[in-house]
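Trainee: Let me begin by handing over the structure; questions about it come next.
Nothing in this text is a laboratory measurement; each read-out follows from the coordinates by a stated rule. No experiment lies behind these values; they were computed from the predicted model shown. All Cβ positions, even for glycine, are placed from backbone atoms using ideal geometry, and neighbour counts span all protein chains on display.
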Amino acid sequence: MNRNLPQLSVLILSSEYPPWIEGGLGTYVHGLAKFLAKKNVSVTVLVLGNSKKEYYRESAGIKIYKPALTASVKNSYADWIAAANLGMFQYASMLSQKESFSIIHAHDWLVSGAASALKKLLAIPLVSTLHSTETARKRTSSFMPEGGIVSWERQLLQYSDKVIVCTKEMEQEACSVLRGCPTVVIPAGIDPETLEEEKAVSSINTPYLLSYGRLVPEKGFEMLLDSFAELKKTEFNLHLVIGGKGPLYIPLTKQAEELGIQESITFTGFLNWKERNYLLRRAAAAIFPSLYEPFGLSAVESMYKGTPTIASNVGGYRETVRDGQTGILFQAGSVASLTEGMAKLLNQPLLSHQLGKNVKAFTVDHYHWQEIIAEIIEIYLQQILTEEKRN
């Protein structure tokens with residue numbers, strides 16, 4: 001396999017990439033690109049544009065482009081998606097005239113239009129990673145943008161030669177969108193080098209719990225505040241830090257005031273990875289109360305840092321967190337179950353110590369990008385070989 005790698009050129013299509021990160025998708029794509037480049041793969045990343053200004057930089061051998069919008073955009077989210085995909089398609093078409101791409105790797109429905117059109121234009125394989133599905137998210141969220149998201153998801157899966165999903169549950173979700181979807185389960189990866197980097201943030205002088213993610217309904221932060229209010233009745237000297245941004249920021253601050261716990265909560269806003277790592281290493285525990293979670297990379301990050309981890313028993317957490325061994329699982333959506341789990345961890349120092357012990361080695365063994373990238377490259381080569389035989 002190694003003799004083929006210098007000729008492998010991957011075109012990655014994504015809606016997120018540093019510094020434009022909203023959630024786990026951008027972190028995943030960054031890790032993917034970084035470790036592909038370490039394997040001497042030529043990597044070009046195209047990020048959906050959102051302005052008339054074009055952006056380009058090269059970092060660690062990775063070429064990163066954010067095309068300018070070439071079509072007018074009204075106030076509709078769907079209009080922006082259409083314009084951004086058109087700009088991405090046109091820019092990739094131009095790049096393909098001077099660089100021969102081997103394969104396209106698309107990420108989620110937001111780039112479906114560009115990905116499917118480029119597959120036809122360039123006549124090369126398309127691999128996609130499905131990070132979540134609209135159908136599953138709709139069960140817990142009313143904040144979804146307008147437009148035919150399910151149809152975009154289905155289009156991406158129909159044009160994909162192989163679909164990477166991170167968990168068995170996501171495999172079932174993909175098949176619910178498109179029957180017979182050509183899936184393969186490969187978990188998301190962590191980058192230990194990045195997880196060791198830290199940047200100090202405002203110090204908190206009392207023991208604190210940490211939770212972070214996009215402030216949207218499916219992440220379960222509203223329930224976390226209710227649970228923390230219950231915990232504060234007995235754990236007076238305790239603080240809660242919530243990192244992230246999103247549409248629930250103002251509602252959550254109002255909820256904290258109504259519960260009378262606003263003085264015991266810090267909303268940090270968006271945390272970059274260095275700030276997140278700093279807070280994780282010092283937290284009494286990390287709490288991830290999602291109502292829907294396709295993979296749950298945050299829990300793996302927490303375990304790597306040796307932070308006692310509590311997560312809801314949904315989606316990817318059921319596969320990444322081993323209850324009682326690497327963390328604690330609680331009943332999703334249950335304030336009582338989460339409160340019990342947090343109290344159990346805080347009142348049993350030995351359990352807390354055991355959950356943090358040897359967990360770092362577990363995450364490196366199971367989720368290191370170095371191992372995962374080899375599986376993804378093998379998928380690329382298989383699809384390229386299949387395409388060559390077909391032609």
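Trainee: Work out, step by step, the length gained on full extension between Gln348 and Lys360: first 0.36 nm times the residue separation, then minus their alpha carbon distance; give nm to one decimal.
Mentor: Numbers: separation 12, 0.36 × 12 = 4.32 nm, distance 2.07 nm.
The Gln348-Lys360 span can extend by a further 2.3 nm.
Trainee: Can I ask one more? Find, to one decimal place in angstroms, the Kirkwood hydrodynamic radius of segment 321-370, where the mean of 1/r is taken over every pair of different Cα atoms and then inverted.
Mentor: 12.0
Trainee: Run through the DSSP bridge list for the chain and note the antiparallel percent, rounded to the nearest 5.
Mentor: Within the chain, antiparallel bridges account for around 10 percent of the total.
Trainee: A further question on this structure: Counting other C-beta atoms within 10 Å, which of Leu110, Leu271 has the fewest, and how do the rest follow?
Mentor: Least to most surrounded, the residues fall as Leu271, Leu110.
Trainee: What does the extension gain come out to for Asn50 and Phe236, with contour length at 0.36 nm per residue minus their alpha carbon separation?
Mentor: Working: separation 186, 0.36 × 186 = 66.96 nm, distance 4.57 nm.
Stretched out fully, the Asn50 to Phe236 stretch lengthens by 62.4 nm.
Trainee: Given C-alpha coordinates of segment 14-157, what is the ratio Rg to Rh with the Kirkwood estimate of Rh?
Mentor: Using only Cα positions, Rg/Rh for segment 14-157 is 0.95.
Trainee: Given contacts defined as C-alpha pairs under 8 Å and at least six residues apart, what's the relative contact order of segment 193-366, whole-number percent?
Mentor: 24
Trainee: Continuing with this model, one more query. Could you point to the residue in His105, Val150, Val41 farthest towards the positive end of the chain's charge dipole, with +1 and -1 charges on the Cβ of Lys/Arg and Asp/Glu respectively?
Mentor: Value computed over the given set: Val41.
Trainee: For segment 193-366, give the magnitude of the charge dipole about the Cα centre (Cβ charges: +1 Lys/Arg, -1 Asp/Glu; no others), in debye to the nearest 20.
Mentor: The calculated dipole for segment 193-366 is roughly 240 debye.
Trainee: Report the full-extension gain for the segment Gln158 to Thr70: residue separation times 0.36 nm, less the Cα-Cα distance, to one decimal in nm.
Mentor: Additional length available on full extension: 29.0 nm.
Trainee: When only alpha-carbon atoms are used, what values of Rg and Dmax, in angstrom, describe the chain?
Mentor: My reading of the Cα-based Rg and Dmax gives 21.3, 69 Å.
Trainee: Same structure, new question: Charges only on Cβ, +1 for Lys and Arg, -1 for Asp and Glu: so what's the dipole of the chain about the Cα centre, in debye to the nearest 20? It would help to have the intermediate numbers written out before the result.
Mentor: Working: 39 positive and 39 negative charges, 140 e Å.
The dipole of the chain has a size of about 680 debye.
Trainee: When a/c reaches 1.5 or more, the comparison of a/b and b/c decides; with that in mind, is segment 193-366 rounded, prolate or oblate per its Cα gyration tensor?
Mentor: The shape class here is rounded.
Trainee: If you don't mind, there's one more thing I want to ask. Pairs of Cα atoms under 8 Å, at least six residues apart: use those to get the relative contact order of the chain, whole percent.
Mentor: Result for the chain is 14 percent.
Trainee: Answer with one residue from Val73, Val216, Pro192: the one whose Cα lies farthest towards the positive end of the charge dipole of the chain, charges on Cβ with Lys, Arg +1 and Asp, Glu -1.
Mentor: In the chain, that residue is Val73.
Trainee: Ok, one more. Would you list Val111, Val185 from fewest to most Cβ contacts within 10 Å?
Mentor: Final ranking by Cβ density, sparse to dense: Val185, Val111.
Trainee: While we're looking at this one, here's another question. In which sequence would Lys233, Lys38 go, from the one with the fewest C-beta neighbours within 10 Å to the one with the most? It would help to have the intermediate numbers written out before the result.
Mentor: Working: Lys233 8, Lys38 14.
Going from least to most buried by this count: Lys233, Lys38.
Trainee: For the pair Thr135 and Thr253, how long in nm is the line joining their label points, each one 7 Å along Cα→Cβ?
Mentor: 3.9
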